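Each remark here refers to the structure printed beneath this line.
Coordinate-derived values only; no laboratory data. It should be emphasised that the depicted structure is a prediction, and the values quoted were computed from it without experimental measurement. Don't worry about glycine lacking a Cβ; one is built from the backbone with ideal geometry, like all the others, and counts go over all protein chains shown.
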Amino acid sequence: MNMEPIKNFVPFPRRILSDVLNGRMSGPEFFVYAWIRGKGNPYAVSQVSIPEIRAAYPGTVSDNHIYKLIRSLRKKKYLYYPDRAGRRGSFEVHMGEWTLPDGSFKTLERFFVQQTVRTSQPASPPVRPEVRDENKDVNQGFEMMKKHMAERFKLPPSNE
């Protein structure tokens with residue numbers, strides 16, 4: 001097995017700068033993205049924490065502002081991390097468009113696949129109501145009215 005040392009560089013896709021210039025990614029988002037990407041290991045995973053990013057961010061910002069920027073980057077599919085509702089501390093962030101040490105290319109598509117919900121049973125046929133659609137009381141009332149009308153106008157009774 002060839003044990004070459006891993007080269008110390010961070011691949012940065014040209015698409016990112018294009019997205020910044022075209023307004024798809026804001027300047028603050030770009031700073032956070034570049035910082036997280038710069039911390040990435042050779043397998044496109046970066047171990048980050050919100051206070052750590054806040055300390056590196058120029059100027060004074062709150063943790064909520066950093067969360068907002070990271071959520072926005074995940075929504076735009078620049079990076080991925082699992083839901084963190086109610087959690088603190090460091091967490092792993094996965095980045096896409098990254099060449100791995102074995103020469104393969106990592107993307108984030110597998111993290112953003114829509115999960116379809118399937119039931120274990122096939123769809124059941126529609127349930128038919130136990131009560132018939134026609135109402136016997138209405139029909140009886142109609143038949144009685146029909147009988148009275150026939151007597152009144154002397155119509156011959158029908159054979160229905």
Listing V32, V45, V93, V113 by rising number of other beta-carbon atoms within 10 angstrom, fewest first, gives V113, V45, V93, V32
Semi-axes in Å, largest first, for the stretch 14-111 (Cα gyration tensor, √(5λ)) are 21, 17, 12
